[in-house]
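Input: a single structure, listed below in structure tokens.
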Amino acid sequence: MVSGENGYRGLAIGTAGFYHSFSPFVRRGNCSKKAMAFTEILHPDCRVEHNGRYVHAYVGPRHLDDVQECYRHIASLAAEHKYSRILIVGDEAHDPISHLAARDVVIALAVIGVPAGFRLALVPRAHGPLNGYRHAEIEAKQRGLRVRVFDNEEEATRWLTAPEVH
């Protein structure tokens with residue numbers, strides 16, 4: 001655990017030679033333990049919405065540091081709330097390499113541990129995030145996590161909400 005200047009206590013993980021400190025977030029909306037319906041907003045182009053069946057995250061068109069911070073934010077929330085189903089939609093960024101941070105999310109979640117039945121769906125809205133998402137998919141396979149890249153949100157949502165087959 002690390003403590004920030006503002007009193008936020010969060011996770012800090014060293015992965016792949018990088019030291020990631022997960023950022024504080026702003027919580028908006030209703031967040032009760034029963035409903036768990038809320039929206040987390042780090043900045044206008046980084047939103048995380050929990051609708052009950054899965055978590056929908058949007059990583060918008062920003063600069064490298066902002067996009068990477070957004071992915072760290074998503075990983076922090078996933079670890080804190082033990083999300084088992086996550087949909088990340090990535091938009092074009094000023095630097096396409098910034099979406100490689102999705103791979104870092106996979107590495108961090110593999111190190112921290114994920115709930116049974118965990119699934120992560122990645123949907124690039126533009127060509128920029130695709131390379132980073134493919135790297136995340138490969139990393140997840142090597143670490144035994146279920147992560148898939150989809151062409152559209154509808155296909156990803158069907159996969160995320162499909163019942164477990166044993």
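The values are calculated or read from the model by the stated rules, or taken from the named source; none is laboratory data. Please read all numbers here as calculations on a predicted model, not as lab measurements. Note that each Cβ is placed from the backbone with ideal geometry, even for glycine, and that neighbours are counted across all protein chains shown.
Those residues that are assigned to a helix (DSSP H, G or I) and either surrounded by fewer than 22 Cβ atoms within 10 Å (Cβ to Cβ) or of a type outside the set (A, V, I, L, M, F, W, C) (or both), I need them from segment 60-76; list them, please. Give the steps one after another, and end with the answer.
Residues of segment 60-76 assigned to a helix (DSSP H, G or I): 64-76.
Correct list: 64, 65, 66, 68, 69, 71, 72, 73, 76.
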Seminar exercise, completed: Over segment 118-151, the set of residues outside any helix (DSSP H, G or I) and either within 13 Å of residue 101 (Cα to Cα) or among the charged types (D, E, K, R) (or both) is 119, 122, 125, 146, 148, 151
Exercise. Does any residue of segment 27-46 turn out to be at pLDDT below 50 and not in a loop (DSSP other than H, G, I, E, B)?
Worked result: yes
Exercise. Just to be sure, is residue 57 assigned to a helix (DSSP H, G or I) and under 10 Å from the mean Cα position of the chain (by Cα)?
Worked result: no
Problem set entry | All positions within segment 125-166 that are among the basic types (Lys, Arg) and either more than 18 Å from residue 109 (Cβ to Cβ) or buried (at least 18 other Cβ atoms within 10 Å of the Cβ) (or both) | 125, 148, 158
For this session: Select from segment 122-155 the residues that are within 14 Å of the chain's Cα centre (by Cα) and more than 19 Å from residue 76 (Cβ to Cβ) and write down the one among them that is modelled with the lowest pLDDT.
Result: 129
For this session: Return the pairs, sorted by first residue and then second, in which the second residue is in a helix (DSSP H, G or I), the first residue lies in segment 87-110 and is among the charged types (D, E, K, R), the beta carbons are less than 6 Å apart, and the residues are 6+ apart or on different chains.
Result: 92/128; 95/64; 103/135; 103/136; 103/139
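Being acidic (Asp, Glu) and not in a helix (DSSP H, G or I) narrows it down to one of 164, 154, so name that one. Show your work before the answer.
Numbers: 154 fails: not in a helix (DSSP H, G or I).
Matching residue, one of 164, 154: 164.
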